[in-house]
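The values are calculated or read from the model by the stated rules, or taken from the named source; none is laboratory data. Since the model is a prediction, treat every value here as computed from it, not as a measurement. Ideal geometry is used to build each Cβ from the backbone, glycine not excepted, and the neighbour counts take in all protein chains shown.
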Amino acid sequence: MSQFTQFGYINVVNSLTGDVGGAIVPVAHNIDILGGTNINTAGTPGTITINLDDTITLTQVNATTFDTNVVAAGVTLSGTTLAADGTDANIDINITPKGTGVLATTELTLVTALEVQYGGTGAITFADNGILYGNAAAAIDATAELADGELLIGSTGNPPVPAALTQGTGVAITTGAGSIEIDVAGGGIDWNVEAASPVNLVADNGYIANTAGLLTFTLPAAADVGSTFRITGLGAGGWTIAQNAGQNINYSSQTTTPGVGGSLSSTQQYDSIHLVCTVANTEFNVLSSVGNFTIV
């Protein structure tokens, strides 16, 4: 619109139009240009300057991608809320340039653990050398450090438990750093050649009597039920089995005299016998034999 004065025509602004919202009509021939969030304006005669504030605070980030191009100086972005669910999780991102136009370091520090549903673990730290396991949508958890020979044992409806294997009857377990050895206890016989008396019998061992004179074997004072002992002759001197107090040997229908006065002896060079403990520490039965024996 134009006005005519005694000096001629003057051009007058009737309205100001932005990107959105339509035209702004002057009030009392004036249009105010005001700053918004993080923006301020300064006016001097004939000039309006629009400035971006020096500090920008991000209060919430929901975008899947956040790109920042930093060339001349480092930038620190600090926020107090992360994720749309309103959980309290502070996030600090420090971007430090190295040289010209190169981002050298991106450092992310979570004050509160990021939940599993948002790509986190729900925990700030885990036990050293622990093993991670899931817990639905809640925090991923970790076991304590496993001891030598321990495994994770499952428990329906509960977290897995670090535990060692338990040996049953006839099984021996030996553990070490990163190893578990399982053996069959009593499953094999260790044979020993004996050439001098006396010899103390050891459970689940076999003995070869190889002397020119009589070789004496003595039953163990303590023996578990099921312990076995084998003796076979080789030397011409033969062998005898001595007893401790309260012990005896049952040979078919015959029984040795209980205690140190009783014994069972070979009569021929190659006589052999197989014993088993039937009553802990005290009573032993002959399972099998070859030869004739002297029973006292």
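Structure notes:
- Counted residues, region 198-240 - those being closer than 16 Å to Q268 by Cα and β-branched (V, I, T): 6
- Single residue of V225, V276 found to be among the hydrophobic types (A, V, I, L, M, F, W, C) and surrounded by fewer than 14 Cβ atoms within 10 Å (Cβ to Cβ): V225
- Residue count, region 248-264 (criterion: modelled with pLDDT of 95 or more, more than 15 Å from C277 (Cα to Cα), assigned to a loop (DSSP other than H, G, I, E, B) and of a type in the set (S, T, Y)): 1
- Check on D224, charged (D, E, K, R) and either at positive phi or out of contact with any strand residue (DSSP E or B) (no Cβ under 6 Å at 6 or more places or on another chain) (or both): yes
- When region 182-234 is filtered for residues that are part of a strand (DSSP E or B), among the hydrophobic types (A, V, I, L, M, F, W, C) and at pLDDT below 95, the ones remaining, listed by number, are I182, V184, W191.
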